[in-house]
Amino acid sequence: MQSDNSRSIPRAERRKVLVSGAGAAGQTLAYWLARHGFETTVVERAPAPRIGGFAIDLRGPAVHVAERMGIIDAVRASRVRMKEIVHLDHLGEPVWRTDGNFGAGAGLTGDVEILRDDLTALLGRACAEVEGLTHRFDDSVTSVRQSDDHVDVTFEKSPPGRFDLVLGADGLHSTVRALAFGDAEAYEKRLGYHVAIFSIPNILDMEQQMFMSTLPGKLVTVMQYGLGKHTRGMFVFASPPIEFDRRDPEAQKALIREAFKDDHAYWAVAPLLAELDRATDLYFDEVTQITMPAWSSGRVALVGDAAFAPTPLSGQGTSTAVVGSYVLAGELKAAGGDPAVAFSRYEAKVRPYVELNQAVPFQSPELAIPSTWEGIERRDADVRAVMAKRDSGDTAGADMTAGDVLTRAANAIELDSY
Ligand SMILES: Cc1cc2nc3c(=O)[nH]c(=O)nc-3n(C[C@H](O)[C@H](O)[C@H](O)COP(=O)(O)OP(=O)(O)OC[C@H]3O[C@@H](n4cnc5c(N)ncnc54)[C@H](O)[C@@H]3O)c2cc1C
């Protein structure tokens, strides 16, 4: 049984921590900080927890964190079960088909795939049950000034505040990172692909299926998560860096339409573009990996995508965020709130695990989205060969599949109890 300090420490004596961002990292971090007795404020730029995106995976230690938060049964009850993945040619004819777990690797018994929206809701529910945790939506940090024993913070809307610690869990384009660590570009590895995900009606009459097509440098995907659950479309396209307004979905839609303007005859492109026009929950971003030489500076630390985004191609963004947040909160408790001790232990424990996850083969865009028709054919032939071998039960001499490498990376950390 975990100890719960939230009630035993008098409110006035609790250390005050500001968490920026209420994604998987921010919610997990805030839950554990509050449970460990820290007076925790979460500031989130969106007016409510942000929904959107595809299903995400909780693997290995991230499942254990969910267990320790008491939400694992609800997470499993909401799990996504895909029946099949179908790769289609330009006319919509199947090129290959696999079961819904293809490429996920062996040994996944305990792992869970869940809609990002469902996980967000369940983490929010867990947060609502701990004391000492306050959320401020529709606001953002605007400045962070630290001294030896506190951090002064200003906000867009709320009055300024003084905190013992500031923790940035505000994603790929972290404001805390920009304010406390400087030059964003130095930490960003932009992989040259943009991704757009948005809700659509079930226009293809699918059920628990993923349909996808690859064009050179582009990917078109439709995911249907089950009747009663939503259907989402995705466009991915290669492009040099594009400057765009992150708060202007209409401008983002124009960029996507431009990228696919010559592909309307291709399977599903035209109907998906029509649905994009109507979408109200567009998620659009450049596929970017974040690597930093240090995740903390004085009384400020980063976690999740803000510190170490592995990219959605890895499938490990949420698991590393959840695990990193659990360890960061735990080490703060273990060090009695001393940031120098806690932040260095957090980084020593989490960095090797993160680095393995940032290096999984799914990172290779050329594998996921070949840039030429020849590359696509080669990739399809490779997939068919792996499937034929697997179907025949022939595993002799088999190299580790990409999925097996992922499984190893996903489990490369032992969690302490705090
Ligand atoms: C809408 C959306 C859809 C996504 N879809 C997918 C997907 O389909 N597949 C996938 O693998 N990954 C997806 N991701 C990324 C995935 O959620 C993360 O990689 C992972 O869960 C790590 O979470 P995080 O909490 O570190 O970052 P995020 O999930 O990005 O959460 C960061 C949070 O911080 C908030 N924020 C940003 N700036 C500020 C600020 N200045 N002040 C306060 N709050 C701020 C954001 O609104 C967001 O709620 C998506 C992210 C978002 C935001």
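The values are calculated or read from the model by the stated rules, or taken from the named source; none is laboratory data. It should be emphasised that the depicted structure is a prediction, and the values quoted were computed from it without experimental measurement. As a convention, Cβ positions derive from the backbone with ideal geometry for all residues, glycine included, and neighbour counts pool all protein chains shown.
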Taking region 198-220 only, how many residues are in a strand (DSSP E or B) and in contact with a helix residue (DSSP H, G or I) (Cβ under 9 Å, 6 or more places away or on another chain)? 9
For region 267-285, check the following and say yes or no: at least one residue is among the acidic types (Asp, Glu), part of a helix (DSSP H, G or I) and away from the ligand (no atom under 14 Å from the Cβ). yes
Top-ranked residue of region 152-175 - restricted to ones that are touching a residue at least 40 places away in the same chain (Cβ under 8 Å) and more than 15 Å from the ligand (Cβ to nearest atom), ranked as surrounded by the fewest Cβ atoms within 10 Å (Cβ to Cβ): 162
Breaking point among (1) near the ligand (Cβ under 6 Å from one of its atoms); (2) modelled with pLDDT of 95 or more, for residue 33: (1)
Residue check for residue 284: touching a residue at least 24 places away in the same chain (Cβ under 8 Å), within 28 Å of residue 406 (Cβ to Cβ) and of a type outside the set (Gly, Ala, Ser): yes
Failed item, numbered, when residue 243 is tested on (1) modelled with pLDDT of 95 or more; (2) more than 26 Å from residue 374 (Cα to Cα): (1)
Hey, can you tell me all the residues within region 176-194 that are in contact (Cβ under 8 Å) with a residue 12 or more places away in the chain, surrounded by fewer than 22 Cβ atoms within 10 Å (Cβ to Cβ) and within 19 Å of residue 308 (Cβ to Cβ)? 179, 188, 189, 190, 191
Restrict the check to region 169-178 and report whether at least one residue is over 24 Å from residue 337 (Cα atoms), in contact with a helix residue (DSSP H, G or I) (Cβ under 9 Å, 6 or more places away or on another chain) and of a type in the set (Val, Ile, Thr). no
Residues located in region 246-268, provided they are closer than 16 Å to residue 199 by Cβ and modelled with pLDDT under 95: 268
Log entry, pairs with first residue in region 41-56 being in contact (Cβ under 8 Å) with a residue 40 or more places away in the chain and more than 7 Å from the ligand (Cβ to nearest atom), second being among the small types (Gly, Ala, Ser) and assigned to a loop (DSSP other than H, G, I, E, B), beta carbons closer than 6 Å, six or more apart or on different chains, reads 42/22
Please report, ordered by residue number, the helices (runs of 4 or more DSSP H) entirely within region 304-418 with at least 2 residues that are at pLDDT below 95 and surrounded by fewer than 23 Cβ atoms within 10 Å (Cβ to Cβ). 339-358, 365-368, 373-391, 402-410
If a residue must be in contact with a Ser or Thr (Cβ under 9 Å, 6 or more places away or on another chain) and either of a type in the set (A, V, I, L, M, F, W, C) or within 12 Å of the ligand (Cβ to nearest atom) (or both), how many such residues does region 286-313 contain? 15
Looking only at region 127-142, count every residue that is in contact with a strand residue (DSSP E or B) (Cβ under 7 Å, 6 or more places away or on another chain) and closer than 21 Å to residue 15 by Cβ and tell me the total. 7
Extreme residue, surrounded by the most Cβ atoms within 10 Å (Cβ to Cβ), among residues of region 124-150 that are more than 22 Å from residue 48 (Cα to Cα) and more than 15 Å from the ligand (Cβ to nearest atom): 146
Set 56, 51: member being crowded, with 22+ Cβ neighbours inside 10 Å and within 13 Å of the chain's Cα centre (by Cα): 56
